[in-house]
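Here is the structure we will look at, set down as structure tokens.
The values are calculated or read from the model by the stated rules, or taken from the named source; none is laboratory data. These numbers come from a predicted model, not from an experiment. A quick note on method: Cβ atoms are made from the backbone with ideal geometry, for glycine too, and the neighbour counts reach across all protein chains shown. Areas reflect the complete protein model, heavy atoms only, side chains present, ligands, DNA and RNA absent. Shrake-Rupley method; radii C 1.70, N 1.55, O 1.52, S 1.80 Å.
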Amino acid sequence: MLRVVYRDVSPGVPHDSFAAKPKTLYRVGTKYGRVEEAPDRDQGIHGLVIVNEPDLWMVNLLDKSAKHMVERGDTTDFHAPILWIDDMPDELKRFEFGCELQFMKEAGALKERVEVEGEKKDKYTIVRDKYRVALFVGVKDRLPKAVVVQADDKVMQAIRYEVWEHGLEPQLT
């Protein structure tokens, strides 16, 4: 099982806003997933998404409501896209939590060693159309640290990883 805690640090997202609060994602292969959000009292939502493909539950922990959906189609795989900008090429929408480094290597990313906030990182960069996507990976632990997406040299989205743990024992009950 994979556990990822991440936050949106994109330009224009106030650091104390709901959008910037950490989200926790759990993933077991392509069948099971869970996303936990912080409470958003202004909107009356404390979101929890639970996936057991093809079933999906969207739960509001504040008002104790839930909605169940069943995915229809030829394939029913759990996907955890990191990026989602409407006009982004479909290939980039397949960049997922838990598959970051594999995706970059398969996409032919350019790798370079950089220093960020006083620490050495390996930066993997791909360019598709007007988008430049960079994945920053720790040199020592080889774990994802951040993703930055630029369009026409303007930062559109930035994600910072707080936790990236894999090989955890799933608790499916």
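Summary of computed values
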| item | result |
| --- | --- |
| Residues that are open to solvent by less than 40 Å² (accessible area, probe 1.4 Å) and assigned to a strand (DSSP E or B), drawn from segment 59-98 | VAL59, ASN60, GLU96 |
| Test: LEU56 is within 30 Å of THR76 (Cα to Cα), open to solvent by 40 Å² or more (accessible area, probe 1.4 Å) and of a type outside the set (Ser, Thr, Tyr) | yes |
| Out of VAL127, VAL149, VAL137, sole residue that is hydrophobic (A, V, I, L, M, F, W, C), at pLDDT 95 or above, open to solvent by less than 10 Å² (accessible area, probe 1.4 Å) and more than 14 Å from the chain's Cα centre (by Cα) | VAL137 |
| MET104, sole failed condition from (1) in contact with a Phe, Trp or Tyr (Cβ under 7 Å, 6 or more places away or on another chain); (2) open to solvent by 60 Å² or more (accessible area, probe 1.4 Å) | (2) |
| Residue, modelled with the lowest pLDDT, within segment 1-57, restricted to residues that are hydroxyl-bearing (Ser, Thr, Tyr) and touching an Asp or Glu at 6+ places or on another chain (Cβ under 7 Å) | THR30 |
| Candidate set: segment 5-28, residues that are in a loop (DSSP other than H, G, I, E, B), touching a residue at least 12 places away in the same chain (Cβ under 8 Å) and open to solvent by less than 50 Å² (accessible area, probe 1.4 Å); chosen: the one farthest from LEU83 (Cα to Cα) | PRO22 |
